[in-house]
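Below is one structure, written out as structure tokens; the observations come after it.
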Amino acid sequence: MRDPADGQTGEHARRTREFNAFAAGASGRLLHAATLLTTERERRNPLAQALLTAALAHTYAHWDRLRGEDPYEFTRSELATRFARTAWRHHKGRGGVLSALTPQERLVVVLRLYEGVAEEQTAALLGVPEDRVRAVCARSVSALRAAS
């Protein structure tokens with residue numbers, strides 16, 4: 001059955017409304033996380049915007065299959081995975097607060113300290129042991145303290 005107001009099926013329109021509401025609420029925080037990862041400036045962050053757009057598109061494509069999964073966690077995971085796959089592009093910092101760190105260090109710091117993701121979850125997402133996540137996080141915090 002089509003919704004005469006927008007020409008979409010009722011189910012498709014519902015899905016789109018739900019996703020748009022989620023994206024409106026989550027995009028700001030996710031964009032900030034992406035900006036920290038890419039070390040771009042807050043007002044000039046095309047790489048971060050591209051990462052977020054791709055992660056949100058992936059979430060939208062899987063929206064009906066999420067069934068009980070947290071869409072924010074799903075999108076954050078996709079954002080982190082996309083960043084990790086393209087980390088070679090982001091190796092050189094662009095002047096952001098985390099630019100002194102390597103891409104892996106940035107990813108661990110953003111997930112653990114900014115997003116509050118547990119060590120176990122971070123390790124699983126990155127495919128590394130928990131003690132590696134712990135060591136990378138400690139080393140990164142020390143480097144940031146020394147740089148400030």
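Across all C-alpha atoms in region 43-148, the radius of gyration and Dmax reach 14.4, 46 Å. Result for the chain in a Gaussian network model with C-alpha springs under 10 Å: among Thr75, Thr86, Thr59, the largest mean-square fluctuation is at Thr86. Counting every pair of alpha carbons in region 1-83, the share spaced more than 21 Å apart comes to 35 percent. Could you let me know the centre-to-centre spacing of region 16-57 and region 113-148, using Cα atoms, in angstrom? Their Cα centres are 22 Å away from one another.
Modelled spin labels at Arg15 and Ala147, positioned 7 Å past Cα toward Cβ, are 4.2 nm from each other.
Between Arg134 and Arg44, full extension at 0.36 nm per residue minus the direct alpha carbon distance yields a gain of 29.3 nm. Taking a quarter of the surface of the Cα convex hull of region 35-91 gives a mean projected area of 3.9 nm².
Quick note: the coordinates plus some simple rules give every number you see, no bench work behind them. Note that the coordinates shown come from a computational prediction; the quantities given were computed from them, not determined experimentally. Every residue, glycine as well, gets a Cβ built from its backbone with ideal geometry; the counts of neighbours run over all protein chains shown.
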